[in-house]
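This report concerns only the one structure given below.
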Amino acid sequence: MSIAWQSEIDPFACAVLKMRWVINSEAMREKAINAIRRLSLEVLMEIEVKPWKRKRTQEQNARLWMLYTAISNQAPAYMNGQWFSPDCWHYELAGRFLGYEATPSGKGKPKSTTELDVQGMSDYQAQIEAWAVEEFNLDLDYREAA
């Protein structure tokens, strides 16, 4: 495991927003405990411990983009010829199935697929496939369509 510790810092407030460890050794457990001991007691902090889940795989990501490409190539036949790029479909479908994050403009932006674990990515792709077949009756042999 290459990354066992991660920290996000708010550059304006100079405060730690998030610390994350993957405890895979006694040394990592000690680093996490020591970091927690250094936290200020003047600011309420929440600590969550949960089983580690592997993030999506590169193969899943490649398959997802082949799926977006297949939709991009085939959907115009069902949309009066209007074509949208795989990137457009990525944003459209992420918003539709993963939801939106708040933005200052109030428009929101689709949640990122980068935070999905292996099972979450599988579920997301299954939702897209079911939607594409129902919405456009698409042929999802996307390995050939890409």
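Computed from the coordinates by the stated procedures, all read-outs in this text should not be read as laboratory data. Here the structure is a predicted model, which is why all the values come from computation and not from measurement. Cβ: placed from backbone, ideal geometry, glycine included. Neighbour counts: every protein chain shown.
One decimal place: the segment residue 80-residue 112 gains 8.6 nm when fully extended, by the rule 0.36 nm per residue minus the C-alpha distance. Label-to-label distance for residue 91 and residue 46 is 3.0 nm, based on points extended 7 Å past Cα in the beta-carbon direction. FRET efficiency for the pair residue 100 and residue 28, taken as 1/(1 + (r/R0)^6) with r the Cβ-Cβ distance and R0 = 35 Å, rounds to 0.50.
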